[in-house]
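The values are calculated or read from the model by the stated rules, or taken from the named source; none is laboratory data. Computed from a predicted structure; not experimentally measured. Reconstructed Cβ throughout: ideal geometry from the backbone, glycine too, with neighbour counts over all protein chains shown. What goes into the accessible areas is simple: the full protein's heavy atoms, side chains included, and nothing from ligands, DNA or RNA. Shrake-Rupley method; radii C 1.70, N 1.55, O 1.52, S 1.80 Å.
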Amino acid sequence: MKFDPATIMRLKEKIAVYREFLKKWLEPSNLAELRPKLEFQTGVLAGFALIASVLLGVTNCSTEGTIQRRLDEDLKKSLEEVVPAALYDNDLLLDTLNIPSAEYNIGANETTVYIAKKSGQVSAVCFKFTAPDGYSGAINMIMGIDRNANILGVRVLSHKETPGLGDKIEVAKSDWILKFTGRSLDNLAPAKWAVKKDGGEFDQFAGATITPRKSVQAIYRGLQLFKAHQEQLINPASHQSRDKE
Amino acid sequence: MFISETYRKIAADGIWNNNIVFGQNLALCPLLAVTGTATNGLGMGLATLVVIIASNGLISAARHLIPGEIRIPIFVLLIAALVTLVDILMNAWAHELYKVLGLFIALIVTNCALLGRAEAFASKQSVKHALWDGLMMGLGFTLVLVALGAAREISASGTLFANASVLLGESFRFLEVTVIPGYKGFLLMALPPGGFIMLAFLIVGKRLIDQKLATRKVPVTVLTPVIAEEES
């Protein structure tokens, strides 16, 4: 689109007039006169609210997708930590199965299980679970289990435990959580699924017993959940039929 | 020379004399909540620093527009919008940092010091002075957070700047020190009451230093013009 020079000139003049007006209006002395007026005050408050909400709305809409992608990446990264990449060739985020988990006290009434498949055969599963009774709130964890019910890995995703004491359940701060790898309900007796203080297999921390105790118990319950649904989970036929429903 | 004198006065106020915590006794909620370790203190301090500079600058720039009668709702609106904006943008574009600092960002809304600076300083001063004040107040606050975090961390678990590399990146791993090897740990200091106790010690320490300074230079006080903070 092209404008003839006369139109552009006129537009420029108009803009100059507006700028002059705005400059005069924004003079502190002019604003000082306006400020006591009720209409001005209402207008200013409304203006600020409008600007703030438009700004927040636009930012929220334009970053929603990015944030969702980041969260998916996070989830994928935690999945990769507990299920070795060599074990699957499918997209874990798309291959899921929901199983009821209310009776296992692991935070949710329904647990989404991510299913790892290698050439069509289920090699491992992975799900998030929660110890709802940590020292200061829920401890959210993720666990990978191979098709023979051995733990491939456990990680803590988030928690509110005491910094410096209870936070040794994080892999970044101590290798405590790695001691679960290779364990299963078969190679460790139920009584041994506890901290050493309670006669179990796993260390407690100096100054923090409740955090590791509750974590161990939640991991044990997670394994029980898997055990109860093992057939359904590792048999691909069962969830293919489920997908079609 | 007057300009630099004013800037020096603002800096001294922000970092020491009128420090957010020591001088104004503000911002105790985020202060006690996050200073379990020096690293957390540093994270909270840096996040607050950014937001307080931005809020001071914005409010100072709009100060002629804001009528006195409705200034508080506008300040609250601006600060809350700013914090939310930083929160969303960091979550999207600096996600790794957000995972560490995310918790602190939302807590900044509860920081009355921001409102305090907006009311007492930014709404009456030029943008340049307000930005400088935000920087200095933020630095002073960061300093207290790190000092309190360090004192609590050393007495609670015998370490200093544990996990600094998670917050600042691998190259800052050298900051992580074990001050007292084989320390058994003192749980109280990691819990909120320990924060209050240690803060009391720090405030006493600051008062003692101030007293010493005051007795040393009694006769030679040149009255410098008090900046407008108390004037208008």
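Structure data summary
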quantity	calculated
The protein assembly as shown: proportion of alpha-carbon pairs further apart than 45 angstrom, %	31
Accessible surface, chain B, averaged per residue in Å² (probe 1.4 Å)	48
Under-5 Å amide H pairs with B:Phe121, H placed in peptide plane, nonlocal only	none
Whole-angstrom Cα spans of segment A:5-66 along principal axes, big to small	44, 43, 16
Within 10 Å of each Cβ in A:88-100, the average number of Cβ atoms from other chains	0
Between segment B:139-199 and segment A:21-85, the alpha-carbon center distance in angstrom	35
Threshold 40 Å² - residues in segment B:154-189 whose accessible area is reduced by that much or more when the chain is no longer isolated, probe 1.4 Å	B:Asn163, B:Leu187
B:Thr215 versus A:Trp25: modelled label distance in nm, points set 7 Å from Cα along the beta carbon direction	6.2
Gained length - A:Glu201 relative to A:Lys76, 0.36 nm times residue gap less alpha-carbon distance	42.0 nm
Accessible area of A:Ser78 in the full protein assembly, 1.4 Å probe (Å², nearest 10)	20
Burial ranking of peptide ranges A:31-39, B:81-89 (average Cβ count within 10 Å, highest at the top)	B:81-89, A:31-39
J(HN,Hα) series, segment A:145-156, from Karplus relation 6.51 cos²θ - 1.76 cosθ + 1.60, nearest Hz, glycine and proline x	10, 7, 5, 9, 6, 8, 6, 8, x, 10, 9, 8
Å² of accessible area per residue within chain A, as computed with a 1.4 Å probe and no ligands counted	56
Segment A:9-146, accessible surface, carbon-and-sulfur percent (1.4 angstrom probe)	60
Estimated buried accessible area (total), pair A and B, 1.4 Å, Å² to nearest 100	2600
Heavy-atom accessible area, 1.4 Å probe, ligands and nucleic acids excluded: residues of segment B:41-81 down by at least 20 Å² from chain alone	B:His64, B:Leu65, B:Pro67, B:Glu69, B:Ile70, B:Ile74, B:Leu77, B:Leu78, B:Ala81
Among A:156-162, A:45-51, B:69-75, the order from most to least packed when residues are scored by Cβ within 10 Å on average	A:156-162, B:69-75, A:45-51
Spatial separation of Cα centroids for segment A:209-234 and segment A:138-204, in angstrom	10
Interchain or long-range residues, amide H under 5 Å from A:Arg183's placed H	A:Ile151
Within straight-line cross-link reach of A:Lys118, aspartates and glutamates at Cα separation under 15 Å, skipping those fewer than 8 residues along the same chain	A:Glu80, A:Asp89, A:Asp91, A:Asp95, A:Asp146
Neighbourhood net charge (11 Å Cβ-Cβ; Lys/Arg +1, Asp/Glu -1) for A:Val125	0
Derived scalar couplings ³J(HN,Hα) [segment B:32-47; Karplus, 6.51 cos²θ - 1.76 cosθ + 1.60; whole Hz; x for Gly, Pro]	6, 6, 10, 8, x, 9, 5, 5, 4, x, 5, x, 4, x, 5, 4
Value of [θ]222 nm, deg cm²/dmol, for chain A, DSSP H segments ≥ 4, -39500 (n - 2.57) each, nearest 500	-15000 deg cm²/dmol
Whole-Å distance, taken between Cα centres, linking segment B:17-44 and segment B:53-103	19
Check: chain B dipole with +1 on Lys, Arg Cβ and -1 on Asp, Glu Cβ, in debye	480
Distance violations [Cα-Cα > 25 Å] among A:Lys179/A:Lys227; A:Lys179/A:Lys214; A:Lys128/B:Lys184; A:Lys117/A:Lys192; A:Lys196/B:Lys99; A:Lys76/A:Lys168	A:Lys128/B:Lys184; A:Lys117/A:Lys192; A:Lys196/B:Lys99
Charge sum, other residues only, whose C-beta stays under 13 Å from B:Ala200's C-beta, Lys/Arg counted +1 and Asp/Glu -1	+3
Exposure of B:Val179 as accessible area (Å², to 10), given a probe of 1.4 Å and all protein chains	70
Fraction of accessible area attributable to carbon and sulfur, chain B (%, probe 1.4 Å)	72
Residue of B:Val127, B:Val51, B:Val204 that the Gaussian network model of chain B assigns the largest fluctuation, springs spanning Cα pairs under 10 Å	B:Val204
Amide H contacts under 5 Å for A:Gly134, placed H, 5+ residues apart	A:Ile139
Prolate/oblate/rounded label for chain B (Cα gyration tensor, a/c 1.5)	oblate
Segment A:62-204 shape via C-alpha gyration tensor axes, a/c threshold 1.5	oblate
In Å², nearest 10: area of B:Trp132 left accessible to a 1.4 Å probe	80
B:Leu202 paired with B:Leu187, simple spin-label distance in nm, labels 7 Å along Cα-to-beta-carbon	2.4
Calculated FRET value between A:Leu11 and A:Ser158, using beta carbons and R₀ = 56 Å, to 0.05	0.50
Mean separation of Cα contacts under 8 Å (6+ apart) over length of chain B, as relative contact order %	29
A:Ile51-B:Val177 pseudo-label distance in nm [points 7 Å out on the Cα-to-Cβ vector]	4.6
